[in-house]
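**Student:** Structure incoming, see below.
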Amino acid sequence: MSQAALANRLGLTRVSVTNLEAGRQRPLAHQVAVLADQLGTSVEDLMPKFEVAEYDVEQAFDDEMIELVRTSAKAQRAQ
């Protein structure tokens, strides 16, 4: 399908479709549904995939405490 044809079905300009393809523009939610339908795929397949990193609560707490001590020490030296 050409960009012009897809743009017409999405109610966009061909330039907008080019920008969507290049990542310079983000589609509205209803446009994603139409786009998925026109491309014969699912909305989920069009969405970026994110990996969920393991969150270490103890390490995060330690990092926050270290930053708090640094900030506090810096403020005391400035007085």
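The numbers here are math on the coordinates, done by the rules we state, and not lab data. Keep in mind that what you see is a predicted model, and the values were worked out from it rather than measured. Every residue, glycine among them, receives a Cβ derived from its backbone with ideal geometry; neighbour counts consider all protein chains shown.
**Student:** Quick one: is Ala73 out of contact with any helix residue (DSSP H, G or I) (no Cβ under 8 Å at 6 or more places or on another chain), surrounded by 10 or more Cβ atoms within 10 Å (Cβ to Cβ) and of a type in the set (Gly, Ala, Ser)?
**Tutor:** yes
**Student:** How do the pairs read when you match residues in region 40-52 that are surrounded by 11 or more Cβ atoms within 10 Å (Cβ to Cβ) with residues anywhere that are not small (Gly, Ala, Ser), using Cβ under 8 Å and keeping only pairs 6 or more apart or on different chains?
**Tutor:** Val43/Val32; Leu46/Val32; Leu46/Leu35; Leu46/Leu39
**Student:** Within region 7-25, can you find the residues that are of a type in the set (Lys, Arg) and surrounded by 12 or more Cβ atoms within 10 Å (Cβ to Cβ)? Spell out the reasoning first.
**Tutor:** Applying the first criterion (of a type in the set (Lys, Arg)) to region 7-25 yields 9, 14, 24.
Scanning region 7-25 gives Arg9, Arg14.
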